[in-house]
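A short write-up of the structure that comes next.
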Amino acid sequence: MELTFTGTGTGFGVPVIGCGCRVCRSRDPRNRRLRCGAIVRFGCRTVALDTPPDMREQMLRAGVSRLDAVLYTHEHADHIHGIDDLRRFNQLTREPIRAWAPGGCAEALRGRFSYALGRNPSGDAAPCVELAVPDGPFDLFGVEVAPCPLVHGSVETFGWRLGPVAYLTDLKEMPESSRRLVRGAELLVVDALRERPHPMHMSFAEALELVGDLKPSRAYLTHFTHDVDYAEVEPRLPRGVHLAYDGLTVQTEGTGS
């Protein structure tokens, strides 16, 4: 199984429009961040984690020509507003795309993008997404997938455990019940907005504390603002913890199937 970070930025992305800070002016490609998203590949399957507004560009960069499913984390615009780009995958496969989301996110998708749900799978006029709200772990193409409820302000948010991979973005706190689902993952991805505290996202210190509790084999931090300079922060991280960057692909030993 492998995970590719297709975007590692916040809703503003990096560079930020109208900003001339050092990171926004940086020529280091690791400081250029599309909105937060990822894909997981195993066997012949590809699963997307969210559909950010940059979905088309992200899929082109990652060389994705078939998408089998989407796992949504929550309903904020920077995580769902690329849903229309799923239409091209419907055209390629002539099949609907299966998706799972928290209840609040599913409601938002039905309200904002009703045209994309449960239509003709040809993708000629609109995407065709079969949306469900999971009530516990389920099998996805032979891999056990578990939704992990997180605390992100008042928004219902899911992290996702896919076999050996755990993907936790947009959180401030993680309930013990969800921690039990994730402990011991081979690869852990954690929201770490910046070094300063934030009311809805984890800071670097909070993310590192969570990593220490969950004890993965490897951990990658994601969802950065333009306060984060890759070359400056990466060397200061503990062993086994790294900053993610757009286009980075990380492999695991197995599929967890």
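Summary of computed values
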{"quantity": "Residue in region 172-185 that is among the acidic types (D, E), out of contact with any Phe, Trp or Tyr (no Cβ under 7 Å at 6 or more places or on another chain) and in contact (Cβ under 8 Å) with a residue 24 or more places away in the chain present", "calculated": "no"}
{"quantity": "Inter-residue pairs, beta-carbon under 8 Å, first within 17 Å of G163 (Cβ to Cβ) and touching a residue at least 24 places away in the same chain (Cβ under 8 Å) and in region 62-76, second in a loop (DSSP other than H, G, I, E, B) and of a type in the set (A, V, I, L, M, F, W, C), 6+ apart", "calculated": "D68/F141; A69/F141; L71/A101"}
{"quantity": "Residue in region 185-203 that is surrounded by fewer than 15 Cβ atoms within 10 Å (Cβ to Cβ) and at pLDDT below 95 present", "calculated": "no"}
{"quantity": "Scan of region 193-252 for residues that are closer than 24 Å to C19 by Cβ and among the basic types (K, R), ordered by number", "calculated": "R194, R196, R236"}
{"quantity": "Helices (runs of 4 or more DSSP H) enclosed by region 144-246 - at least 2 residues per element that are hydroxyl-bearing (S, T, Y)", "calculated": "176-182"}
{"quantity": "Selected residue [surrounded by 21 or more Cβ atoms within 10 Å (Cβ to Cβ) and not in a helix (DSSP H, G or I)] from H74, H79", "calculated": "H74"}
{"quantity": "Candidate set: region 10-37, residues that are aliphatic (A, V, I, L, M) and in contact with an Asp or Glu (Cβ under 8 Å, 6 or more places away or on another chain); chosen: the one nearest to E75 (Cα to Cα)", "calculated": "L34"}
{"quantity": "Close pairs from region 116-133: first at positive phi, partner of a type in the set (V, I, T) and part of a strand (DSSP E or B), Cβ under 8 Å, at least 6 apart", "calculated": "G118/V129"}
{"quantity": "Qualifying residue in region 93-101 (condition: closer than 23 Å to G11 by Cβ, touching a helix residue (DSSP H, G or I) at 6+ places or on another chain (Cβ under 6 Å), touching a residue at least 24 places away in the same chain (Cβ under 8 Å) and aromatic (F, W, Y))", "calculated": "no"}
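The values are calculated or read from the model by the stated rules, or taken from the named source; none is laboratory data. None of the values given here were measured: they were computed from a predicted structure. Using ideal geometry, Cβ is built from the backbone for each residue, glycine included, and neighbour counts are taken over all protein chains shown.
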